[in-house]
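Asker: Pasting a structure here, questions to come.
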Amino acid sequence: MTKDYSPDRLDIKAFTQAGTPLQGQDALAKYERLAQEAQGPEPDLTVNSVHWQVQGELRAGAVETQEQAAEPWLHLTVQAALPMLCQRCLTPVEVPLEVDRWFRFVADEATAEAQDDDAEEDLLAMSREFDLHALIEDELLMSLPVVASHEECPVAVVMESSSEDFDAAEEEKNPIRLPRCQTLRPTSPVTKLAWDIIESFARISLCLSNGLIAFLPTLFQTRSRSWLFSKTKSPLHAAVCTARTTRSPCPVSQSSRQPAKFTCATTSALTAFTVVAKC
């Protein structure tokens, strides 16, 4: 590391006028916020895995004055490797981090804020005790990937969230197949009770729907169907009525003096309750 300038208290004006490069190597433990992002089984943060270099120069400003004929610029490059966990195979992975940025320094924070919207480069306030390590850490944190992963995982990645044996056991236990989310049962007593209540209502609704399906065809076989469909002018209803009238009458209505529509409806209701009872 060059001893003429300290990266913790860097005089920006003098450094850019000298044009001398400054470089160094640091351990991840030196950057506390970045070290908190490290993952894996006991990651080694003492290795000098952060390599950085900075170069200063003076450039002519857009509007030159007698007080400031040139503007100080800083070129920062950083290469680092951060231990993390691959989100596909959940094994350790070294995530490479790279920074290559230019910064322009202005007189103060107010000037930087005023020119920030129109400037394409990053603006920083001039300082005689500029913390270069803080700038390096900020840039490395912004270069972190959203999801850490291998380019090619060293182990095979299991893409299924359930096993065939578990699904087969659930099918034998529950003849009525419910949605796949039943495998994600809660463990809390309160949420388990709510889950059981919802599942019971689902089973009852399914049984009632099966009973209704068995009840409706018999209901349409009553002798009152002609009166029911004659009140409508729908071609579909007329076709259904014509098809139903060609079938044999309800056997219950022939042996009873009660109207056929009541006896067939009673038989259909018993059939529906029988289906529900079987469920």
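Asker: Any idea which of Glu71, Glu109, Glu57 is out of contact with any Gly (no Cβ under 7 Å at 6 or more places or on another chain) and among the charged types (D, E, K, R)?
Answerer: Numbers: Glu71 fails: out of contact with any Gly (no Cβ under 7 Å at 6 or more places or on another chain); Glu57 fails: out of contact with any Gly (no Cβ under 7 Å at 6 or more places or on another chain).
Only one candidate qualifies: Glu109.
Asker: Shifting gears a bit: Restricting to strands (runs of 3 or more DSSP E) lying wholly in the range 29-142: which have 1 or more residues that are surrounded by 14 or more Cβ atoms within 10 Å (Cβ to Cβ) and free of Cβ contacts under 8 Å to residues at least 12 places away in the same chain?
Answerer: Counting at least 1 such residues, we get no strands (runs of 3 or more DSSP E) at all.
Asker: Can you pull out every residue in the range 28-40 that is in contact with a Leu (Cβ under 9 Å, 6 or more places away or on another chain) and either within 14 Å of Val95 (Cα to Cα) or not basic (Lys, Arg) (or both)?
Answerer: Leu28, Ala29, Tyr31, Leu34, Ala35, Glu37, Ala38, Gln39, Gly40
Asker: With the requirement that a residue be surrounded by fewer than 15 Cβ atoms within 10 Å (Cβ to Cβ) and under 20 Å from Met142 (Cα atoms), what does the range 1-28 give you?
Answerer: The answer is Gln25, Ala27.
Read the figures in this text as sums done on the coordinates, not as results from a lab. Remember, it's a predicted structure, so these values are computed and weren't measured experimentally. Using ideal geometry, Cβ is built from the backbone for each residue, glycine included, and neighbour counts are taken over all protein chains shown.
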